[in-house]
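In what follows, a structure is listed as structure tokens, so that the remarks can point back to it.
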Amino acid sequence: MKKKLSIVIPAFNEEKNIEFLVSELFKSLSITGYEFELIIIDDGSKDKTLDAIKLQADIYPNVFYIELSKNFGKDYALKAGIDRANGDALITMDADLQHPPHLLPQMLKLWEDGYDIIYTYREEANPHVKGYQRVASKMFYKGINALSDITLENGISDFRLLDQKVVKELKQIDEYEIFFRGMVKWVGFNQIGIPYTPAERHTGEASYSFFRLAKLAIGSIMAFSVRPLYVATGLGLFFSVSAVLYIPYIFISYFAGYDAVSGWASLIATVAFFGGLQLLVLGIIGMYLGKIFLQTKHRPNYIVRSTNLLKTRNDSVRV
Ligand code: UDP
Ligand code: MG
């Protein structure tokens with residue numbers, strides 16, 4: 001029997017890309033000799049993305065749509081697709097054709113060679129990324145690598161192939177905050193990374209704003225690390241010990257007859273500094289506490305409004 005590939009694609013305001021995407025994927029995949037299905041998730045688009053996907057689903061029996069009830073974010077849209085995919089391997093990629101389909105044969109070959117996870121990372125010199133984005137992205141990867149136990153390549157992407165045994169593990173994830181790039185590294189198995197040069201977006205604009213990316217970066221680091229809490233504890237410890245050591249100095253200076261008022265400026269500086277430090281430490285603890293609060297609610301990662309997948313297979317996953 002032919003092996004089957006599930007291609008999972010999150011789409012947010014991509015109406016103009018869908019038709020081209022599907023035709024490109026059919027072109028690249030039909031020559032590989034595998035059976036395949038395309039699962040395209042409409043992540044609460046404001047445009048006609050869903051209609052564009054449905055149009056393709058009407059033409060091709062192996063194109064499926066999942067409509068989410070609102071915009072949940074790329075990782076959550078991916079999870080919706082991953083939960084419903086049943087291929088022998090699963091490939092995740094963007095809808096804007098920045099992830100070149102011509103890499104698929106190479107990825108499939110590595111899968112046949114026995115690799116369970118074939119991920120891709122952007123080649124260093126990426127002509128389509130603006131200067132400040134490149135610096136911010138470097139800082140993010142440095143930060144997450146320093147603060148957590150996983151190591152992510154600079155520019156690691158969401159274009160990847162996963163064997164079904166990896167997919168089985170990912171389906172079981174019950175975390176409030178999902179960050180697949182980290183999660184896929186964390187699950188282990190037999191992994192290999194290949195570099196790629198991203199293409200220009202086919203049409204449209206990238207949809208992540210600076211603030212959304214910053215929020216995502218902090219969230220991703222916190223999802224994989226409690227080390228910032230250690231930093232907070234360390235800082236607190238260091239300054240408490242310093243403060244204790246300061247006491248003998250006060251006594252000595254008192255008995256030596258120094259004028260106490262002369263210390264006013266340094267006192268205020270110290271108070272302000274410790275005030276700031278305490279707020280910082282409380283802030284870090286508060287952020288983690290907030291995440292625990294959200295996790296304990298056990299809300300679903302996404303909510304499906306409609307899909308044509310149910311009609312075609314037994315779907316035990318919550319819809
Ligand atoms: N995307 C999504 N939900 C969102 C934002 C983006 O599903 O809230 C999808 C988008 O349609 C695309 C992929 O995620 O297929 C990557 O998004 P984008 O091209 O905006 O980001 P970048 O290329 O900068 O990583
Ligand atoms: Mg893009």
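Tell me the relative contact order for the chain as a rounded percent, counting alpha carbon contacts under 8 Å between residues six or more apart.
Across the chain, relative contact order equals 22 percent.
Taking amide H atoms as placed 1.01 Å from N in the peptide plane, list the residues 5 or more away in sequence, or in a different chain, whose amide H sits under 5 Å from that of VAL63.
For VAL63, the qualifying residues are LEU38.
Helix 49-59 against the longest principal axis of the chain: what's the angle in degrees, Cα atoms only, rounded to the nearest 10?
Result, in degrees: 30.
Calculate the radius of gyration of the Cα atoms of region 143-211 to one decimal place, then report Dmax, the largest Cα-Cα distance, as a whole number, both in Å.
Rg and Dmax of region 143-211, Cα atoms, are 14.2, 37 Å.
Just list whichever of LYS48/LYS138; LYS3/LYS74; LYS48/LYS142; LYS168/LYS215; LYS27/LYS48; LYS54/LYS171 have alpha carbons separated by over 31 Å in the model shown.
Listed pairs above 31 Å: LYS48/LYS138; LYS48/LYS142.
Once both axes come from the Cα atoms, what is the angle between helix 264-296 and the longest principal axis of the chain, in degrees from 0 to 90, rounded to 10?
So the inclination is approximately 30 degrees.
Can you sort TRP111, TRP186 by how many other beta carbons sit within 10 Å, fewest first?
TRP186, TRP111
Roughly what angle does helix 131-147 make with the longest principal axis of the chain, taking Cα atoms, 0 to 90 degrees, to the nearest 10?
Roughly 70 degrees between the two axes.
For region 1-88, run through the trypsin sites (Lys or Arg not before Pro) and keep only the ones in DSSP coil with at most 10 other Cβ atoms within 10 Å of their Cβ.
LYS2, LYS46, LYS70
When Lys and Arg each count +1 and Asp and Glu each count -1, what net charge do the other residues less than 11 Å away from HIS202, Cβ to Cβ, add up to?
Counting the neighbours of HIS202, the net charge comes to -4.
Counting just the Cα atoms, what span does region 1-97 cover along each of its three principal axes? Round to the nearest Å and put the largest first.
Taking the Cα atoms of region 1-97, the three principal extents are 39, 24, 22 Å.
Please report, largest first and rounded to whole Å, the three semi-axes of the ellipsoid equivalent to the chain, where each semi-axis is the square root of five times an eigenvalue of the C-alpha gyration tensor.
Equivalent ellipsoid of the chain: 49, 20, 19 Å, largest first.
Select from ILE118, ILE18, ILE285 the residue whose mean-square fluctuation is largest in a Gaussian network model of the chain (Cα-Cα springs shorter than 10 Å).
In this elastic network of the chain, the residue with the biggest mean-square fluctuation among ILE118, ILE18, ILE285 is ILE285.
Rank the residues HIS102, HIS298, HIS202 as a footprinting-exposure proxy: fewest other Cβ atoms within 10 Å of their Cβ go first.
Placing the least packed residue first, the sequence is HIS298, HIS102, HIS202.
So for region 99-231, averaging the separation of alpha carbon pairs under 8 Å that are six or more residues apart and normalising by length, what relative contact order in percent results?
Contact order relative to length: 39 percent.
Rank TRP111, ASN145, GLY283 by how far each Cα sits towards the positive end of the charge dipole of the chain (+1 on Lys, Arg Cβ; -1 on Asp, Glu Cβ) and give me just the farthest.
GLY283
No value in this document is a laboratory result; all are computed from the given coordinates. Note that this is a predicted model, so its numbers are computed, not measured. Reconstructed Cβ throughout: ideal geometry from the backbone, glycine too, with neighbour counts over all protein chains shown.
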